[in-house]
Amino acid sequence: MPSDLTLPTKACHNCRKRRWKCDRSLPACHKCTSSGTECLGYGKLFVWNKGVASRGKMMGKSYEERLNAPQVSAGRQDVDVHMEVAHRDNVYDFGNQQPEEVEDVEDVEDVEDVVHWSLVDPLVKDLNQHSRYYIYHFATQICEDLVIYDGPGQNPIRDLIPATTAYPSLLQIILANSAFHVFNITRDPAGRSPYQKEQKPCLLAYYQGVSRFGGPMKTSYADALLAKQQALSLLAQSVASVNKSNIDLILVVILLFINYALIESGQDKWKVHMEGARKLINLLGTSPYTQEPMSKLRLSVLADFLVFYILGSTFCFATTPKLIPDEIELEPILRYAETNNYLSCPSPLVRIMLESFELEDTRTSSSDELAADVQDGVAILLRAALNFDPIDWSLNFEPASLSENLEHRMRIAAAHRAAVCIYLARVLPCTNPLLDPSSPSALVSLTGLADEIIHHISFLKPGDVLFKSISWPLFLAGAEAENPAQRTWIMNTLDDFYNMMYWGYIRTVKKVLETIWDCKDKAAEGADNCWVDEVKIMGTELLIA
């Protein structure tokens, strides 16, 4: 995916047809905008033919008419195109319309390449045009973001798309996720930070493609809110009648509510869904809800919840109730999480994070005895994290794909190790001997850990499979960063991340980092200035994933 835009070299399709002078601006030319006309963009144009063919005997006829025509061979009558095919071929269904690709508006009547079958999938036949588009967008864009590898059989969320016909709550939360994601694509970039001299433009080529397909751009925000409200109402009904046959689907819906919060802003609302999920997950360890062995769907859902549960505690530092009950074996969930959860956090580090939840936050404690006890616990966990060897881990890693890049796995594992150390260290005051650079008992340097994260993430580029795994360690590096050049690099990398993912929580992360840096710069030299305290004062329940 390119990180910047190339200016158009010719006029947009509307201006060419009307013989107007086009200003060639992006995402749409001002001439079209001021005239109230939708700009059709500058690249290849897709139009929709109203029949199964644009010429010959079948010109203008519907798919049903074609089935009844004696000239049609039997081998072409039983076309059954599913979402999997739609995903692979980048085509989506508008009933009996057919996509045609043309270079210019004037060439529409001379199209030679026509798709000769209709895409009428039972999955979407009862949905309106907007909903059909959002299902397509979810299948081709968002599903890929939810996992490291999106190959056949590797993405249980994608495999659930056909279940939307039987589970209205699943359908509505999918529509809500997709509509808000489309809304993000149509907005300005993530916002230029004062630490950036200039900002790379948001990748708008996809937005232009969506417009040419008639995507519901103008109503996407309202569509998202409406679908979310309907999903909430339907979820309440489902939870009231939970049973062993629907509990996994209900958990998927709750998980997608948390994903919706990330796509929107990553703030506040996700926590109530996490608590609801925890109560249901507790049932999974009891009869009749147990599974031996666990299905891939349940493994995937529990792994995602566990990662969100851990990362959501970044600003908490308080004793937290267990998410996974003791009756459920944790190891398979951890293994799945490190392999195909898009954060790709090694399971030994996840275990260390879980153990840290039993520690108290000593920064607000007046008890010296408690502080000493917690310090000993933090020291043990810090040493365990520092002893984790990313190279050895990557060499013993069981890849989920033949194209696995083990060096990238090692890099992201090393970045997570440093991030976990920062997380653990921030349980303690800055003046604690374990953190004080002048103390002989100091275990880590916070700025040194930030440098380590930045070093390893710099080897990952947009388009790399594991680039989607950088957000949490990158935030923790940013929270400790003192160097202005590092801060600029972090903001630019967050822009690259946003321009690939379009998840709204990245906008929030940039604003939070700006606040942290402002407080750091204003603090007196040597002051116990902790970014965790600053974020708590902001009152933001931020999920960074």
(request) Using θ = phi - 60° and the Karplus relation 6.51 cos²θ - 1.76 cosθ + 1.60, list the HN-Hα couplings for the range 278-286 in order, rounded to whole Hz, with x at every Gly or Pro. (result) 4, 5, 6, 4, 4, 5, 5, x, 10
(request) With 19 Å as the limit, write out which pairs from Lys218/Lys269; Lys279/Lys322; Lys322/Lys536; Lys296/Lys461 have Cα-Cα distances beyond it, or answer none. (result) Lys218/Lys269; Lys322/Lys536; Lys296/Lys461
(request) Hey, can you grab everything whose amide H is under 5 Å from the amide H of Leu542? Only 5+ residues off in sequence or another chain; H modelled, so Pro and N-termini drop out. (result) Asp268
(message) I'd like the accessible area for Tyr136: 1.4 Å probe, protein heavy atoms, all chains in place, Å² to the nearest 10.
(response) 30
(message) Could you give each residue of the range 460-466 its phi-based ³J(HN,Hα) in whole Hz, using Karplus coefficients 6.51, -1.76, 1.60 with θ = phi - 60°, and x for Gly or Pro?
(response) 9, 10, x, x, 5, 4, 8
(message) What does the net charge come to around Lys279 if you take all other residues with beta carbon closer than 14 Å to its beta carbon, with K and R at +1 and D and E at -1?
(response) +2
(request) Apply the Karplus parameterisation 6.51 cos²θ - 1.76 cosθ + 1.60, with θ equal to phi minus 60°, to every residue of the range 478-483 and state each ³J(HN,Hα) to the nearest whole Hz, in sequence, with x for glycine and proline. (result) x, 5, 9, 5, 10, 7
(message) Please list Thr339, Thr9 from largest to smallest accessible area, probe radius 1.4 Å, with all protein chains kept in place.
(response) Thr9, Thr339
(request) When you have a sec, figure out the Kirkwood radius of the range 130-538 from all distinct Cα pair distances and drop it here in Å to one decimal? (result) 22.3
(request) Give the Cα extents of the range 388-523 along the principal axes, in whole Å, largest first. (result) 48, 34, 22
(message) I'd like the Kirkwood hydrodynamic radius of the range 122-187, using the inverse of the mean 1/r over distinct C-alpha pairs, in Å.
(response) 12.3
(request) Enter the accessible area of Met538 (Å², nearest 10), with the probe set to 1.4 Å and all protein chains included. (result) 80
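The values are calculated or read from the model by the stated rules, or taken from the named source; none is laboratory data. All values derive from a computational prediction rather than experimental measurement. Cβ coordinates were reconstructed from backbone atoms using ideal geometry, including for glycine residues, and neighbour counts include every protein chain displayed. Side chains are part of the model used for accessible areas, which takes the heavy atoms of the whole protein and leaves out ligands, DNA and RNA. Shrake-Rupley method; radii C 1.70, N 1.55, O 1.52, S 1.80 Å.
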